[in-house]
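What follows is a set of notes on a single structure, which appears directly below.
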Amino acid sequence: MNENLVRGKQAVVLGLGESGRAAAELLCQKGANVIIRDNYLNERVDQVARGLGARGMRVETQATGFTPCRFDLGVLSPGINPSVPLVTQLKRERVPVIGELELAYRFCTVPVVAVTGTNGKSTTTELVAASLSAGGLQTVACGNIGVPFSDVVRAGEPLDVITLEVSSFQLEGIETFRPRVAVYLNFTPDHLDRYQTMGEYRQAKIRVFMNQTAEDFAVVNPDCELPALAARRVTVSAYHGGADYTFTGGYLCYHGQRVLAQEKTRLRGPHNAENQLAALAVADLHGVPLTETIDALRAYRALPHRCEVVRERGGVTFINDSKATNIDALEKALLGQTRPVVLIAGGKDKGFDFAPLKNLLAEKAREVVAIGEVQDKLVAAWGQYVRCHRAADFAEAVSVSARLARAGDVVLLSPGCSSYDMFKNFEDRGRQFGELVAKLD
């Protein structure tokens, strides 16, 4: 996007989360007149609004009322559903509406590696950034992982490539976004509170490929059902030997040749192997020497809230897997356990069917402590296969789990649901778990 296309124009940003705030600041830097609209104003939003107001931007909420205005551009934060009145009104007025991802890309001057998939995005994005950096390339991990893409573009630091985690919500609002390398890790049920069908969710995900050409690369899992792609395919799989990058006998392999024993890294399990293989593939595509990539993979430490051991107490290991916000992530966490599990699961209902996990629960778990909005749904799905308990709040869930656990057991927080019924986010849920576990006598 040429800066002159927004300079002096009226732009509205919908949603004042981190992405919305970053989009507003980028637009302001490029000379647009910016209004930010959100339905509600809480303490955090109020603080952000004051900072933006001091720079000439106006924040409007339902409480303050929305000033009648003709806009030239709308930018949608990923947390805002495109079907809400804030968005549909703009579309009725034929105002172009794009996402924060698209906005940042239009001002981006360096190639992008985009990582998507239902699970493993953040870990893979970090692994890719670490591997590229080990090869001497200037990069930064950003996007859905934490630092908004717009903030990185606005900072204007000299980078060789941007390593970007992208969600389905972000991909809904793209038009020209074209990653040089698109990484598509997996696809499993999620966000059925946002999408009416799995097909609708899938269509949002595969938009990551829509603008790629034969000059670009698609690093994909051959298990995923994908349309014909214009980009050159590179395949990674921990389960099928026919892929370019595979996981065989505990080794990361390239065309059958052993590259690195996973036990030499700090990650475990086939699902993490696929994340590592994707990073290895992206590093190879960027000419990073194999020795440098291996060093990066060996040095990498897992992000918090992902099967993170928080305490050993009386022979019981307490594991924080708060990032498990869907059934597939919960399944992977259970499969990775070799000791009896007392599972803490539940949260906001995202429309999942939990019944398919019943046999795995019967095999891996001695007890389940159900929390949050889906308590009854979990007990109905699993109660005949494993003993289930309901907890009135999170503190009770941790206390009950600790009491039920025996020496040699694992107390596993792996909710399989989003956190928004009880917590600010999954990080808040994991942090509270660690604090409650630390206070156990």
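Quick note: the coordinates plus some simple rules give every number you see, no bench work behind them. Quantities reported herein were computed from a predicted structural model and do not represent experimental measurements. Glycine gets a Cβ as well: all are built from the backbone with ideal geometry, and neighbour counts include every protein chain shown.
Ranked by Cβ crowding within 10 angstrom, fewest neighbours first, how are ASP151, ASP46 ordered?
ASP46, ASP151
Quick one: which residues, 5+ away or cross-chain, put their amide H under 5 Å from the amide H of ASN119? H built at 1.01 Å from N.
ASN186
Where does the chain land on Rg/Rh, using Cα atoms and the Kirkwood Rh?
Here Rg/Rh amounts to 0.98.
At 10 °C and 1.306 mPa s, grab the translational diffusion coefficient of segment 108-299 from Stokes-Einstein with a Kirkwood Rh over Cα pairs, rounded to a whole number in µm² per second.
95
Considering the Cα positions of segment 308-438, please state its Rg to one decimal place and its Dmax as a whole number of Å.
12.8, 37
Could you work out the pair-distance distribution P(r) of segment 311-388 from its alpha-carbon pairs, with 10 angstrom bin width and percents rounded to whole numbers?
18, 58, 23, 2
Starting from the eigenvalues of the Cα gyration tensor, five times each then square-rooted, give me the equivalent ellipsoid semi-axes of segment 106-220, largest first, whole Å.
24, 14, 14
What FRET efficiency comes out for the pair GLN138/THR64, r = Cβ-Cβ distance, R0 = 30 Å, nearest 0.05?
0.10
If the cut-off is a Cα-Cα distance under 13 Å, which aspartates and glutamates reach LYS91, setting aside same-chain residues fewer than 8 apart in sequence?
Partners found: ASP72.
Just to check I understand the Karplus step: with θ = phi - 60° and J = 6.51 cos²θ - 1.76 cosθ + 1.60, what whole-Hz values come out for segment 155-160, glycine and proline as x?
Here the 3J(HN,Hα) series is 5, x, 5, x, 10, 8 Hz.
Taking LYS350 as the anchor, which lysines have their alpha carbon closer than 27 Å to its alpha carbon, excluding any fewer than eight residues away along the same chain?
In chain and number order, the partners are LYS121, LYS205, LYS323, LYS332, LYS358, LYS364, LYS377, LYS424.
Taking R0 as 45 Å, what's the FRET efficiency between ARG7 and GLU200 from their Cβ-Cβ distance, rounded to 0.05?
Computed FRET efficiency for ARG7 and GLU200 comes out at 0.80.
Aspartates and glutamates within cross-link reach of LYS264: Cα-Cα under 19 Å, excluding same-chain residues under 8 positions apart?
GLU126, GLU274, GLU292, ASP295, GLU308
In deg cm²/dmol and to the nearest 500, what is the mean residue ellipticity at 222 nm of the chain if only DSSP H runs of at least 4 residues count, each as -39500 (n - 2.57), divided by the residue total?
-9500 deg cm²/dmol
Roughly how many Å is it from the Cα centre of segment 76-118 to that of segment 376-427, as a whole number?
36
Top mean-square fluctuation among ALA129, ALA261, ALA204, Gaussian network model of the chain, C-alpha springs under 10 Å?
ALA261
Of THR116, THR197, THR188, which has the largest mean-square fluctuation in a 10 Å C-alpha GNM of the chain?
THR197
How high is the relative contact order of the chain? Use alpha-carbon pairs under 8 Å, at least six apart in sequence, and give a whole percent.
11 percent.
Mind checking which of LEU267, LEU334, LEU90 has the largest fluctuation in a GNM of the chain, springs on alpha carbons under 10 Å?
Residue with maximal mean-square fluctuation among LEU267, LEU334, LEU90: LEU90.
How large is ³J(HN,Hα) for each residue in segment 50-62, as worked out from phi by the Karplus curve 6.51 cos²θ - 1.76 cosθ + 1.60 (θ = phi - 60°), to whole Hz, x for Gly and Pro?
5, x, 5, x, 5, 9, x, 9, 10, 10, 10, 10, 4
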